[in-house]
Amino acid sequence: MSAANTNTDFFERVYDVVARIPKGKVTTYGAIARHLGTGRSSRMVGWALNKTLESGAGMLPCHRVVNRKGELTGKTWFGGDTMEQLLRAEGVTFDELGRVELARYYWEP
DNA sequence: AAACTGACGGGCG
DNA sequence: ACGCCCGCCAGTT
């Protein structure tokens with residue numbers, strides 16, 4: 001196996017984990033990174049998601065991935081309040097600051 | 001080649 | 001509970 005496939009494998013894992021997030025639940029980048037074994041490379045998870053968007057995996061429910069504060073940091077890539085609407089459609093509620101209640105909706109891979 | 005950036009997280013005040 | 005700073009990893013300029 002070529003070492004060049006390491007990245008691809010990383011993307012596939014991110015895809016796999018995100019695809020398993022139950023409807024109406026959310027998880028964090030750090031949780032995914034830990035599950036992948038990358039640990040501190042939480043940033044790479046977001047990077048991978050952005051990359052998967054271009055890879056054609058646009059069906060990925062990445063709107064269920066938020067940061068540790070429960071903020072929809074990726075809403076920029078969805079455009080406007082699309083990300084929030086998607087989560088609301090799944091029954092997720094937001095607080096006054098527009099953050100997800102992680103204690104209530106958090107899901108660990 | 002060096003420095004900056006970024007879908008982040010944890011620690012500290 | 002919130003804001004600020006530092007550390008991680010790969011990509012970009």
A:Glu71 being surrounded by fewer than 12 Cβ atoms within 10 Å (Cβ to Cβ) and either over 15 Å from the mean Cα position of the chain (by Cα) or not β-branched (Val, Ile, Thr) (or both) = no
Condition met for A:Leu97 (among the aliphatic types (A, V, I, L, M), more than 12 Å from the chain's Cα centre (by Cα) and surrounded by 15 or more Cβ atoms within 10 Å (Cβ to Cβ)) | no
Which listed residue, of A:Val17, A:Val26, is closer than 21 Å to A:Gly79 by Cβ, in contact (Cβ under 8 Å) with a residue 12 or more places away in the chain and more than 10 Å from DNA strand B (Cβ to nearest atom) | A:Val26
For segment A:53-61, does any single residue satisfy the condition of being farther than 16 Å from A:Glu12 by Cα and in contact with a Phe, Trp or Tyr (Cβ under 9 Å, 6 or more places away or on another chain)?
-> no
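Computed from the coordinates by the stated procedures, all read-outs in this text should not be read as laboratory data. Since the model is a prediction, treat every value here as computed from it, not as a measurement. Quick reminder, even Gly has a Cβ in these numbers, built from the backbone with ideal geometry, and neighbours come from all protein chains shown.
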